[in-house]
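Worksheet: the structure to be examined is printed underneath.
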Protein chains: 2
Amino acid sequence: MAVGANTPLNLHPVRGFRLGIGSAGIKKPGRKDLVIMEVPVGATLAGVFTRNQFCAAPVVLARRHLETGALPRYLLVNTGNANAGTGEQGLADALRCCQGLAEKMRVDAESIIPFSTGVIGEPLPVDKILAGLDSAIADLDENHWAQAAEGIMTTDTRPKGCSVQFEYQGQTLTLTGISKGAGMIMPNMATMLGYVATDAQVDALLLQRLLSEATERSFNRITVDGDTSTNDACVLVATGASGVEVSDLDPILMERFVAALDEVMLGLAHAIVKDGEGATKFVEVRVEAAANVEEALKVAYTIAHSPLVKTALFACDPNWGRILACVGRAGVENLDVSDVQIWLDDVRIVTDGARSADYREELGQAVMDRESLMIRVHLNRGQVVERVWTTDLSHDYVTINAEYRS
Amino acid sequence: MAVGANTPLNLHPVRGFRLGIGSAGIKKPGRKDLVIMEVPVGATLAGVFTRNQFCAAPVVLARRHLETGALPRYLLVNTGNANAGTGEQGLADALRCCQGLAEKMRVDAESIIPFSTGVIGEPLPVDKILAGLDSAIADLDENHWAQAAEGIMTTDTRPKGCSVQFEYQGQTLTLTGISKGAGMIMPNMATMLGYVATDAQVDALLLQRLLSEATERSFNRITVDGDTSTNDACVLVATGASGVEVSDLDPILMERFVAALDEVMLGLAHAIVKDGEGATKFVEVRVEAAANVEEALKVAYTIAHSPLVKTALFACDPNWGRILACVGRAGVENLDVSDVQIWLDDVRIVTDGARSADYREELGQAVMDRESLMIRVHLNRGQVVERVWTTDLSHDYVTINAEYRS
């Protein structure tokens, strides 16, 4: 199940950035489970990784390789095995995969950035991955974004991608990205896996800043089940092939680039929520007039994670008392509940802390019947607005997670 | 569904404490939905209430009445309607119910302590409750504990009670309690509703301290879905009818009384978890060798609330990577993951932060097949041990909460 139509991906290629899809038979023979992405010489690359302290071996190694200062040349992604909870052996396994690809491409092992996603705690089948590399290398092509979006899927029911172009002084700039993820989704730094490339030219330090900020507004504001993965990672590559440089010296271009980057990142993040395990609803939780970001997010995530709110969403039941109870237990200090207003889309359900006098069940029902809707909470404490996006909790969520692995 | 057998309650009466069950037809005609408990003159009473800031009208009024210093004489409980999110009207409604009972019993309204549980946000049907009072009053009897346990049920599938007696210097002391609750369970002060009485004589200030401490070890350590209710309340009454006084002057008696109180409170709290909505498992999450209580509880609740861990429990799937991921994202500062050990009952699954070398799937499977089991995490950071109790997340949980109200 998933929210909205599964429309074919229309992804613009990014000059200089090639993608190749291969098959290593990690979990099932013949499955596309290997993706290689080629970063051209002269490009810059930024990455954000999970804040889960049990981060997976490929995350540890990816960080190490990026810290060496070596130019990243290839991203190597496998599905079917997360190489997490695997200790020192996991690190050695991830390194062997990097070395294998490095030899074939005649680059240093440090220029390979590894990513894994799948089951936690199983040894990585290194030999299968090494044997599958040639198929992926032979497939490298600037036009293979959509195929790569499929190649990084695990429990996802659909590939996820987003692509934006804009004109600037007679030049066309492109930003294209793909992502994967459906469960264990409460990214804390980045989602399961996301890859975005642009042909803009961007200094590496600036690129990292732009990625971190855009992540904070997109991947770090979605949740399916509150479970932060051990393998979250998101990478942004600027090939520079357009010759157009984004920098602080040109604030107009910067603004347009950030807007385009936000559009791609939000598109990818929302696609993950819509494909959330068992999702039948796409819900924005918007907390307004909070005193600070922390309390706004506390309220938003308390609502977004509440099993009672999520099952009511699944049932299209405007059981707003459950939302109100979340606001009350979110841990906002000295909250004056008589200041709280709550809306479902444009229907006000709570006025000054109690049921709105003109609220009628049919009005709430009409909103809850929608596939996409907003829960809006006004705290009357300050100026801060925060939004998070989430899904409902359905029978399919239980089925998928009770049966995954088996 | 519920964990364990539904054995008949065998509850000792507490001298001086009478309970009466009546029918007010709040949600359904004929349903036992009204319970009155009579506190004898000379008794002491202690109460703990929800920390949800949206606390219900009866909670507000109960606190007010206790603060007046008036001797509490009757506890008035209705099910079917929580009288929460009802604003000023809700307070007026709760007061009218208290006044109605006060008139009939010829006591002050301040000596009535009101409790409500059920749907949030609907107006309390005061006239129905007033009309039902006589049936409950006529039913008052020291031997009606088991009936009262049924009278306070909502989505509970079974009545919950616990009773302990012990001898002290030739006298028999009794502690008996009942509780209700199955969903919206992560008490933060006390569970949905709990009532415990003893015939010991206990000074009011001491009684409050003993209740608060016992609550911290019992009701405040259970969770079904992480949703703290707006109506949680627990009351402890000491009738003094035994003539035996519990006080700091007799530390041996004090120790035995606290042990008996813990046994009753834990019994009631565990009964709520075992009857958790859709529960098929009873799980103790034990975090050992933490540096402080806060981090121990962070880890324990992160595991106990994880939808991925809970669905794996439902599926009897020893998917221990999900537990490890919870430890990693629980927010313990400077956690050295290579110090972490994890067991399922006596089977060690994680050694020094990675899969145990001698772990085999069959061993984990054997534990997961049990109806009651322990997830044990050793952090190697200090001396603190904390335990919380929880359930799995099953299809029935979704069904119950997607259909409740409709």
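Some observations on this one:
- Among residues of region A:211-223, those that are crowded, with 20+ Cβ neighbours inside 10 Å and more than 10 Å from the chain's Cα centre (by Cα), counted: 2
- Any chance B:VAL59 is crowded, with 16+ Cβ neighbours inside 10 Å and under 19 Å from the mean Cα position of the chain (by Cα): yes
Conditions tested, residue by residue: (1) among the aliphatic types (A, V, I, L, M); (2) in a loop (DSSP other than H, G, I, E, B).
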| position | (1), (2) |
| --- | --- |
| B:ALA92 | yes, no |
| B:GLU122 | no, yes |
| B:LYS128 | no, no |
| B:GLU150 | no, no |
| B:MET153 | yes, yes |
| B:ARG158 | no, yes |
| B:GLN165 | no, no |
| B:LEU173 | yes, no |
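- Residues in region A:310-327 that are at the interface with chain B (Cβ under 8 Å from one of its Cβ atoms) and either hydroxyl-bearing (Ser, Thr, Tyr) or within 18 Å of B:ALA56 (Cβ to Cβ) (or both): A:THR311, A:ASN319, A:TRP320, A:GLY321, A:ARG322, A:LEU324, A:ALA325, A:CYS326, A:VAL327.
- Of all the criteria given as (1) more than 27 Å from A:ASN401 (Cα to Cα); (2) open to solvent by less than 10 Å² (accessible area, probe 1.4 Å), the one not satisfied by A:GLY243 is (2).
A quick yes/no check of all residues on (1) modelled with pLDDT of 85 or more; (2) crowded, with 24+ Cβ neighbours inside 10 Å; (3) in the same structural domain as A:ILE222 (by TED's automatic domain parsing); (4) touching a helix residue (DSSP H, G or I) at 6+ places or on another chain (Cβ under 6 Å):
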{"site": "A:ALA269", "(1), (2), (3), (4)": "no, yes, yes, yes"}
{"site": "A:GLU288", "(1), (2), (3), (4)": "yes, no, no, no"}
{"site": "A:GLU295", "(1), (2), (3), (4)": "yes, no, no, no"}
{"site": "A:LYS310", "(1), (2), (3), (4)": "yes, yes, no, no"}
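- When region A:3-25 is limited to residues that are touching a helix residue (DSSP H, G or I) at 6+ places or on another chain (Cβ under 6 Å) and among the aliphatic types (A, V, I, L, M), the one that is farthest from A:GLY161 (Cα to Cα) turns out to be A:ALA24.
- Top-ranked residue of region A:76-110 - restricted to ones that are in contact with a strand residue (DSSP E or B) (Cβ under 7 Å, 6 or more places away or on another chain) and not hydrophobic (A, V, I, L, M, F, W, C), ranked as nearest to A:THR154 (Cα to Cα): A:THR79
- Counting only residues that are part of a loop (DSSP other than H, G, I, E, B) and either open to solvent by less than 70 Å² (accessible area, probe 1.4 Å) or in contact with a helix residue (DSSP H, G or I) (Cβ under 6 Å, 6 or more places away or on another chain) (or both), region A:379-390 holds 3 of them.
- Region A:320-345: number of residues that are of a type in the set (Phe, Trp, Tyr) and surrounded by fewer than 23 Cβ atoms within 10 Å (Cβ to Cβ): 1
- Hey, A:ALA138 open to solvent by less than 20 Å² (accessible area, probe 1.4 Å) and either touching a strand residue (DSSP E or B) at 6+ places or on another chain (Cβ under 8 Å) or free of Cβ contacts under 8 Å to residues at least 60 places away in the same chain (or both) or not: no
- Some residue of region A:83-104 being under 18 Å from A:LYS180 (Cα atoms) and either over 18 Å from the mean Cα position of the chain (by Cα) or open to solvent by 10 Å² or more (accessible area, probe 1.4 Å) (or both): yes
- Subset of region B:121-135 that is surrounded by fewer than 18 Cβ atoms within 10 Å (Cβ to Cβ) and charged (D, E, K, R) - its residue that is farthest from A:TYR359 (Cα to Cα): B:ASP134
- Test result for A:VAL246, in the same structural domain as A:ALA84 (by TED's automatic domain parsing), in contact with a Phe, Trp or Tyr (Cβ under 6 Å, 6 or more places away or on another chain) and not basic (Lys, Arg): yes
- Unique match (being more than 9 Å from chain B (Cβ to nearest Cβ) and farther than 27 Å from B:PRO123 by Cβ) among A:GLU371, A:GLU403: A:GLU371
- For region B:231-238, the count of residues that are assigned to a loop (DSSP other than H, G, I, E, B), surrounded by fewer than 23 Cβ atoms within 10 Å (Cβ to Cβ) and of a type outside the set (Gly, Ala, Ser) is zero.
- Matching residues in region A:378-393 - criterion: being within 12 Å of another protein chain (Cβ to nearest Cβ) and over 21 Å from the mean Cα position of the chain (by Cα): A:LEU379
- Among residues of region B:31-76, those that are more than 24 Å from A:CYS326 (Cα to Cα) and assigned to a strand (DSSP E or B), counted: 11
- Selection from region A:1-47 of residues that are among the polar types (S, T, N, Q) and either buried (at least 23 other Cβ atoms within 10 Å of the Cβ) or under 20 Å from the mean Cα position of the chain (by Cα) (or both): A:ASN6, A:THR7, A:ASN10
- Tallying residues that are at pLDDT below 90 and either of a type in the set (A, V, I, L, M, F, W, C) or in contact with a Lys or Arg (Cβ under 8 Å, 6 or more places away or on another chain) (or both) within region B:64-79 yields 2.
- Neighbours by Cβ (under 9 Å, 6+ apart or cross-chain): first from region A:167-195, more than 15 Å from A:VAL48 (Cα to Cα) and at pLDDT 90 or above; second surrounded by fewer than 24 Cβ atoms within 10 Å (Cβ to Cβ) and basic (Lys, Arg): A:LEU173/A:ARG256; A:THR174/A:ARG15
Conditions (1) touching a residue at least 40 places away in the same chain (Cβ under 8 Å); (2) of a type outside the set (Phe, Trp, Tyr); (3) more than 9 Å from chain A (Cβ to nearest Cβ); (4) open to solvent by 10 Å² or more (accessible area, probe 1.4 Å), marked per residue:
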{"position": "B:MET265", "(1), (2), (3), (4)": "yes, yes, yes, no"}
{"position": "B:ALA291", "(1), (2), (3), (4)": "yes, yes, yes, yes"}
{"position": "B:HIS305", "(1), (2), (3), (4)": "yes, yes, no, yes"}
{"position": "B:SER356", "(1), (2), (3), (4)": "no, yes, yes, no"}
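- One residue alone among B:ARG348, B:ARG376 is open to solvent by 50 Å² or more (accessible area, probe 1.4 Å) and either part of a helix (DSSP H, G or I) or without any contact (Cβ under 8 Å) to a residue 12 or more places away in the chain (or both), and that residue is B:ARG348.
- Every residue from region A:332-354 that is more than 14 Å from chain B (Cβ to nearest Cβ) and closer than 17 Å to A:THR302 by Cα: A:TRP343
The values are calculated or read from the model by the stated rules, or taken from the named source; none is laboratory data. This structure is a prediction, so every number in the text was calculated from the model and none was measured. Note that we place each Cβ from the backbone using ideal geometry, even for glycine, and neighbour counts take in every protein chain shown. The protein model used for the area step is the full one, side chains on, heavy atoms only, and it has no ligands, DNA or RNA in it. Shrake-Rupley method; radii C 1.70, N 1.55, O 1.52, S 1.80 Å.
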